[in-house]
Amino acid sequence: MRMATKSCNTQTFPERDTCCEASGRPCGRAAAPSRPAPRRPRITNLARSARQAVVSPVRSRPENNPPQAHRVDAATSWPVRPCVEAVNRLKRRFWNCRWRYALCLLPALCLQGPVLATGTGAGTSISNTATTDYVIAGNGSTISSNTVTLRVDEKLDMNLAWQDAGNVSVNTPDNDRVMSYLLTNTGNGNDSYTLGVQNSLGGDQFDPVFVDIYLDANGDGIFNPGTDIPYSAGINDPALDADASLAIFVRNTIPAGLNNGDLGDNRLTATSRTGSGLPGTAFANAGDNGTTAVVGTSGGTDNTTGTYAVSGTSIALLKSVVIADPSGGTRPVPGATMTYSIDASAAGTATASGVVITDPLPANTTYSAGTLSLNAAPLTDGADADAGDVGGTTPNTVTVYLGDLTPASPVQTIAFEVIIN
Amino acid sequence: MKTLISISTGVLLAVFSSQIMARIEVATSAEIEVTETNAQGEQTVVRTAATSVVPGTEVIYTITSKNTGAAQADHIVVTNPVPAQTVYVEDSASGHDAAITFSVDGGKTYDSAGKLTVTDANEETRAATAEDYTHVRWTFGSSLEPGQEVPVTYRARVK
């Protein structure tokens, strides 16, 4: 069973964003856990959860055992972070990226985010000549003025923005939690930047422990371990053309012993290597094309803060199966009916948003039409107005939308029957 | 730096004596405003001649027409294309006793602000905005007497 969802499991997926991004669907690991090949056809219903380790296949019990629910500890618990917005945002960003590349044939259109159009490039000359028409003694004439030429200097400006849709959910302790930022050169020339992280900040409950910074190597705005490049100050300080953007990922470790709901701030700072200081500060010959570099309104540096939140919400799934064979026994033989139940409940202090339970039908079985139910109320098999479907959303898969769950929500019980082929 | 250009032709010389030879000079200057802080910490905005700018800078262009001749000059019209890479700053044009009009079609036609329209790529016509202006024109309401000089001015923001 996969607890997927429009929730990002930031605990289990360091590459959370990748999953959201790649699938454009609810997060969760798409592939089934790898297992040794069964020696013979076996009825299994792999509980595909983000946390796979605790999942075991359902097997038939010895005949002398009384029929009873076989419990599959489908998943213990893991923090869930609402990320509908994040998914949408990433999808948008994905398409923005695509567009960005497509349109990069036209440099002036290479925009991303809230950035204004590229300012006039450093080194450009702006010339102005006026004319005066006049009439003297009936004779008209036109005369031109001198030409005033201004040189456009390089303005040093940048913007840093935290990209996560909301507080990044973490456990306590937790390792290498990714915080995503976007650095944009809002000046009018090429500039490079020194990056720094500060975690000892006031107003929060804990200090994340800085691990490393990664630079987005493939331009997808998503942290890709093994693809993106570790940052070393002074070694590979990122350089950006005017109006260009770069995603920057900061990884931190979360200390042990924190309380649910505790917040920890992570601040990223980018500073122009060309120069910074009070707006208007000029650095002769430091700009592009031999121009003067002038510090813009940003002061040549910017910082922004992202927040980790120790998540107080987890979803527990409890799966069981009852087998009834044609002879009145409990043997998993062809023709036997297997009735699965999945109990879902939330624990903790927060709300798990948009919870979706998906459960691929076991191999070598056939779904018994019309047996899907939620809390004992029948659901139609089609993907329609009710909360669930079989095969409609995903082929050969039970999908039930549970919506938002809180610890106060009653246990949600999904049931359906399959017949062994 | 002023460039003097003498408008004088053989015909004019033949007809008029040198005393009434027409001579109009026109000079353009560019300035920017800079905030200066004095020893008392007081801030004042001063204008200074501009040689370089950055995107966002407002440039104050001043065009001064001077009659250096001995005859009255009439029908004075000063025209200035809004420089490339800049946009006209709304309501910034001024000039003593001059009617100010703008062009949005590269100087073919002029009209006062508020009467101009532009047609966009979708063939829809809308009111023109300051960003659409391609030229600024000052049409003087009075003559330029010998020795008189009249400045007109406007602001353009560097894109």
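The aspartates and glutamates within cross-link reach of residue B:66, meaning a Cα-to-Cα straight distance under 14 Å and a gap of 8 or more places when in the same chain, are A:133, B:25, B:74, B:145, B:149. Within the listed set B:65, B:52, B:142, the Gaussian network model of chain B (springs between alpha-carbon atoms below 10 Å) gives the highest mean-square fluctuation for B:52. A simple spin-label model places pseudo-atoms 7 Å from Cα toward Cβ; at residue A:129 and residue B:45 they are separated by 3.2 nm.
With a ≥ b ≥ c taken as the square roots of the eigenvalues of the C-alpha gyration tensor of chain B, please select rounded if a/c is under 1.5 and otherwise prolate if a/b is larger than b/c or oblate if it is not? It comes out oblate by the Cα gyration axes.
A simple spin-label model places pseudo-atoms 7 Å from Cα toward Cβ; at residue A:364 and residue A:241 they are separated by 6.0 nm. Rounded to the nearest whole Hz, the Karplus-based 3J(HN,Hα) values (6.51 cos²θ - 1.76 cosθ + 1.60, θ = phi - 60°) of the range A:398-408 follow the sequence 8, 10, 10, 8, 9, x, 8, 10, 10, x, 7, with x at glycine and proline. Evaluated with a Cβ-only charge set (Lys, Arg +1; Asp, Glu -1), the range A:155-311 carries a dipole of roughly 260 debye about its Cα centre, given to the nearest 20. Computed on the range A:314-420, with alpha-carbon pairs under 8 angstrom and 6+ residues apart, the relative contact order is 35 percent.
For the range B:12-158, the relative contact order comes to 32 percent (Cα pairs under 8 Å, sequence separation of at least 6).
A cut-off of 5 Å between modelled amide H atoms, ignoring neighbours fewer than 5 places along the same chain, links residue A:292 with A:154, A:285, A:287.
Of all aspartates and glutamates in the structure, the ones whose alpha carbon falls short of 14 Å from that of residue B:159, not counting any fewer than 8 places away in one chain, are A:153, A:154, A:243, B:58, B:131, B:132.
Taking a ≥ b ≥ c as the square roots of the Cα gyration tensor eigenvalues, the range A:155-311 comes out prolate, since a/c reaches at least 1.5 and a/b is larger than b/c.
Modelled spin labels at residue A:212 and residue A:137, positioned 7 Å past Cα toward Cβ, are 8.6 nm from each other.
Every number in this text was worked out from the coordinates using simple rules, so none of it is lab data. Only a predicted model underlies this, so the values are computations on that prediction, with no experimental measurement involved. As a convention, Cβ positions derive from the backbone with ideal geometry for all residues, glycine included, and neighbour counts pool all protein chains shown.
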